[in-house]
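Input: a single structure, listed below in structure tokens.
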Amino acid sequence: MTNIIGVCACPAGIAHTYMAAESIENLAKQRGYGVKVETNGSAGVENRLEEADIEKADYVIIAADTKVEMERFRGKKVIEVAVSDAIRKGEEIFKKIDSNELEIY
Amino acid sequence: MEIIREEFIKLDINLENKKEVIDYIANLLINSNRVRDKGLLLKDVYLREEEASTSMGLGIAIPHAKSLSVKEPTVVFLRLNESIKWNEDKDIKMIFGIFVPAENVDNQHLKILSSLSRKLTDEQYREALLKVKSIKDSERLLQGLNAS
């Protein structure tokens, strides 16, 4: 099974972080992919990605307008977008994943 | 503490643009004693709007702020008669204002607000909000907000 992980973060961490996470989760589920999305919001880090999650992940989506700790994704296929893109253009992100267009971080 | 109350839900009102909407919400919050300083609230809301648009192409704008002026976590739901422009989007008919105090916020409240934001990505939920006919029914749709 294809496994997707993601990190969502925005400055206030009140609304868009969670909308982006929901959008990524739904698009992944529609495709039958495994998915886990970490949110860095006002309630702190939720659904934190563990080493095992990162290890088994095929693709990493970073949807953030703030700095995300990236070194942990070294060697993974990563796409980095603005948090709004995950909400507005989620399909485009997944098209790139479906056709294996991501670059290795 | 109720995050949303009937007085924070306004259906089918006439407001012309983003500025009027934000001003309307600020007055609502001042009059219901959820905010202590309108000027500071407006400053914080506009600061957030300048960082990036709070409209995300879903027909909903979500002006929000974490502000020292906010006393209690509060959600305001406005539904407009006519769609307005909100930055690059032209079809904004629903507005969710989300306001959180700058300090000492109950994590439970933040979780409730994040679950609302998640729900707003659901097209069926948005349809229901567009169609709902009364304040009471809107409150029912949003009742998860007062779960704690």
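Report in % the part of the accessible area of chain A that belongs to carbon and sulfur, leaving out ligands and nucleic acids; probe 1.4 Å.
The computed percentage sits at 43.
Below 11 angstrom from the Cβ of A:A64, what's the summed charge of the other residues (Lys, Arg +1; Asp, Glu -1)?
So the surrounding residues net to -4.
Can you compute 3J(HN,Hα) from phi for each residue in the range A:95-105, using the Karplus curve 6.51 cos²θ - 1.76 cosθ + 1.60 with θ = phi - 60°, rounded to whole Hz and x for Gly and Pro?
Each residue of the range A:95-105 in turn: 4, 5, 5, 4, 9, 6, 9, 7, 8, 7, 6 Hz.
Could you calculate the FRET efficiency of B:D122 with B:R5 from 1/(1 + (r/R0)^6), where r is the beta carbon distance between them and R0 is 35 Å, rounded to 0.05?
Taking R0 as 35 Å, the efficiency between B:D122 and B:R5 is 0.90.
Based on the Cβ-Cβ distance from A:M70 to A:E46, what FRET efficiency comes out when R0 is 22 Å, to the nearest 0.05?
0.70
Specify the longest stretch of chain A that does not include any exposed loop site, a site being one of the GluC sites (Glu not before Pro) with a non-H, G, I, E, B DSSP assignment and at most 14 other Cβ atoms within 10 Å.
A:1-49
Antiparallel DSSP bridges in the protein assembly as shown: what percent, to the nearest 5?
Roughly 35 percent of the beta bridges in the protein assembly as shown run antiparallel, per DSSP.
Please give me, ordered by residue number, the trypsin sites (Lys or Arg not before Pro) of the range B:87-146 that lie in loop per DSSP and have at most 11 other Cβ atoms within 10 Å.
Hits after loop and neighbour filter: B:K133.
Which longest run of chain B has no exposed loop site in it, a site being GluC sites (Glu not before Pro) in a DSSP loop with at most 11 other beta carbons within 10 Å, and the site itself not part of the run?
Result, exposed sites excluded: B:17-87.
Rounded to whole Å, give me the distance from the Cα center of the range B:12-79 to that of the range B:80-120.
Taking the Cα centre of each part, the range B:12-79 and the range B:80-120 sit 9 Å apart.
Could you please state how large a percent of the accessible area of the range B:59-145 is carbon and sulfur, counting protein chains only and using a 1.4 Å probe?
Looking at the range B:59-145 in its full context, I get 46 percent from C and S.
Relative contact order for chain B: what percent, with Cα pairs under 8 Å and sequence separation of 6 or more?
29
Once ligands and nucleic acids are excluded and a 1.4 Å probe is used, how much of B:F77 is accessible, expressed in Å² to the nearest 10?
0
Using only the heavy atoms of the protein chains and a 1.4 Å probe, how would B:H109, B:H64 rank by accessible area, largest first?
B:H109, B:H64
Determine how large the accessible area of B:S83 is when every protein chain is in place; take a 1.4 Å probe and give Å² rounded to the nearest 10.
60
The values are calculated or read from the model by the stated rules, or taken from the named source; none is laboratory data. Just so it is clear, the model here is predicted, and its values are computed rather than measured. Methodologically, a virtual Cβ is constructed for each residue, glycine included, from the backbone with ideal geometry; neighbour enumeration extends over all protein chains shown. Heavy atoms of the whole protein, side chains included, go into the accessibility calculation; ligands, DNA and RNA do not. Shrake-Rupley method; radii C 1.70, N 1.55, O 1.52, S 1.80 Å.
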